[in-house]
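All remarks here apply to the structure that follows.
Each value in this text was obtained by applying a stated rule to the coordinates, not by laboratory testing. All values derive from a computational prediction rather than experimental measurement. When we count neighbours, we look across all protein chains shown, and the Cβ atoms used for this are built from the backbone with ideal geometry, even at glycine.
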Amino acid sequence: MEKIKIGMFVDTFFPMLDGVIMVVDNYAKRLNKIADVTVFCPKGKDKKYKDNFEYKVVRCKSLKIVNFDYTLPTPKFDKKFKKTLKEANLDVVHIHSPMGIGKIATKYAKKHNIPCVVTLHSQYKQDIKKMAHFNWLTNLVLKKLIKTINSCDVAWTVNSEIQKLYIEEYGLKIPSFIIPNATELEFLPQKQQNREEIRKKYNISSDEYIFLFIGRINVIKNLLFLIDSLEILKQKKLKFKMLFVGTGQDENKVKQYIHEKGLDEYCIMCGKISDRLEIAKIYSASHLFLFPSLYDTNSLVQIEAGSQKTPTVFIEGAKTAGTVTKDVNGLISKNDIKDYAQTILNILSNSEKYNELCENAYKDLYVNWDMVAEKVYKEYLKLIENKKN
């Protein structure tokens with residue numbers, strides 16, 4: 001059987017790092033073993049960066065945006081990119097961001113009468129509002145974006161909460177199915193040894209709890225709320241170190257807020273860590289993964305934390321907590337800094353409950369990318385066959 005040709009379209013890619021990029025990379029790596037995968041994406045800010053992947057990567061021109069992590073793809077104005085896409089002879093199109101490159105992809109799929117899948121990774125209204133500021137402009141851009149999404153054949157959502165949001169609030173009309181996110185991280189059994197290694201690396205004493213956040217350092221992730229909760233833990237005399245792993249546009253703002261709250265000695269900005277084994281060790285070493293984001297949909301980091309038997313603390317209303325059962329495989333506090341801090345204190349004071357939570361986070365939330373990729377490939381084949389018929 002001849003390999004099918006899969007085109008993945010995303011509006012940002014390496015060397016930038018975020019959840020969507022990790023999803024696309026993990027799909028592409030695994031699917032490329034049984035198919036012919038090309039990732040279509042924009043050029044990044046780092047001109048020295050060179051692609052080195054087992055799958056093909058085709059880049060289009062992009063514009064830098066002041067005070068923003070990402071670049072703006074401009075595929076319409078890139079003749080070389082358009083020529084490469086034209087000659088790609090794809091069997092299926094899969095868009096991961098329905099903006100500039102995603103729109104080009106839907107037109108390609110329609111022209112060549114091939115299936116077009118869209119994965120809904122983000123709560124786009126929040127993204128748009130942050131840039132547009134005005135409600136009328138936000139609604140206008142969102143309307144166009146949903147029009148692009150509804151021009152696809154099928155939408156994949158990461159959990160039932162996001163599926164419901166898009167249908168009831170965003171106006172999703174096309175059929176939708178749940179395809180969960182996953183991780184390639186494998187459980188590291190020597191948890192105590194990993195913890196000692198991380199303690200030594202970051203100069204954390206043996207009587208301090210280790211808390212962790214991994215992701216973009218961006219206030220949209222509710223990081224100021226998190227810092228306010230840490231201030232309460234400090235006031236309650238809890239001994240801890242909070243590790244922030246990642247980079248982002250709000251690093252200075254977050255550092256300044258940490259300083260204002262008198263938490264310099266309690267917080268460690270670790271910067272960007274690309275080594276996946278090192279990431280796994282940090283998850284393994286942490287007592288709790290603190291993730292109060294109301295922005296994320298089904299973040300990879302909570303699955304990664306689960307892979308190392310590290311439970312996550314969410315807040316009520318978080319779409320990303322859609323796969324979590326409260327007090328069984330994760331913790332969910334009220335949307336209140338005092339309650340978030342108290343939720344942390346309560347679980348740390350109950351070792352039996354804490355150990356149960358650790359085991360259930362691994363058992364219930366840990367999903368392997370190989371399993372997901374196998375399901376995705378089968379879905380592609382069904383869509384291709386249905387389109388032919």
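The spacing between region 240-302 and region 110-178, judged by their C-alpha centroids, is 29 Å.
To the nearest ten degrees, helix 369-388 and the longest principal axis of the Cα atoms of the chain are 20 degrees apart. Amide H contacts of F40: M8, F9, V10, V58, each under 5 Å away and 5 or more positions distant or on a separate chain (H built 1.01 Å from N in the peptide plane; Pro and chain starts excluded). Bridge orientation summary for region 1-152: considering DSSP beta bridges with both residues in this region, about 15 percent are antiparallel. Mind giving me the FRET efficiency for S351 and N203? R0 is 25 Å, r the Cβ-Cβ distance, nearest 0.05 is fine. Plugging the Cβ-Cβ distance into 1/(1 + (r/R0)^6) gives 0.45.
Compared with the alpha-carbon gap, the fully stretched path from T74 to L381 is longer by 107.4 nm at 0.36 nm per residue. Normalising the average separation of contacting C-alpha pairs (under 8 angstrom, six or more residues apart) by the number of residues puts the relative contact order of the chain at 14 percent. Among L17, I101, T74, whose Cα projects farthest towards the positive end of the dipole of region 1-108, with charges put on the beta-carbon of Lys, Arg (+1) and Asp, Glu (-1)? Towards the positive end, the residue furthest out is T74.
Computed from the C-beta positions of E2 and K143 and an R0 of 51 Å, the FRET efficiency is 0.80 to the nearest 0.05. Region 192-210 to region 35-99: how many Å between their Cα centroids? If you average the Cα positions of each part, the centres end up 41 Å apart.
Helix 337-348 against the longest principal axis of the chain: what's the angle in degrees, Cα atoms only, rounded to the nearest 10? So the helix axis and the longest Cα principal axis differ by about 70 degrees. The orientation-averaged projected area of the convex hull spanned by the Cα atoms of region 287-348 comes to 3.7 nm². Taking the chain, the Cys residues with no second Cys beta-carbon under 4.7 angstrom are C41, C60, C267, C270, C358. Calculated FRET efficiency, N135 to N89, Cβ-Cβ distance, R0 = 45 Å: about 0.55 to the nearest 0.05.
Go through K234/K255; K5/K33; K261/K319 and tell me which ones have a Cα-Cα distance over 23 Å in this structure.
Those over the limit are K261/K319.
Here's the picture: charge each Lys and Arg Cβ at +1 and each Asp and Glu Cβ at -1 in region 156-242, and of L185, S160, L238 the one pushed furthest to the positive end of that dipole is L238.
Once the gyration tensor of the Cα atoms in region 269-315 is diagonalised, the equivalent ellipsoid follows with semi-axes of 18, 13, 10 Å, ordered largest first. Charge tally for V117 (other residues, Cβ to Cβ under 9 Å; Lys, Arg +1; Asp, Glu -1): -2.
Arranged from fewest to most other beta-carbon atoms within 10 Å of their beta carbon, M99, M16 become M16, M99. Put a plus charge on the Cβ of each Lys and Arg, a minus charge on the Cβ of each Asp and Glu, and nothing anywhere else: the dipole of the chain about its Cα centre is then about 1860 debye.
With the simple spin-label model, which puts each label point 7 Å out from Cα in the Cβ direction, the K164 to Y49 separation comes to 3.6 nm. The angle between the Cα long axis of helix 135-150 and the longest principal axis of the Cα atoms of the chain comes to about 60 degrees, rounded to the nearest 10.
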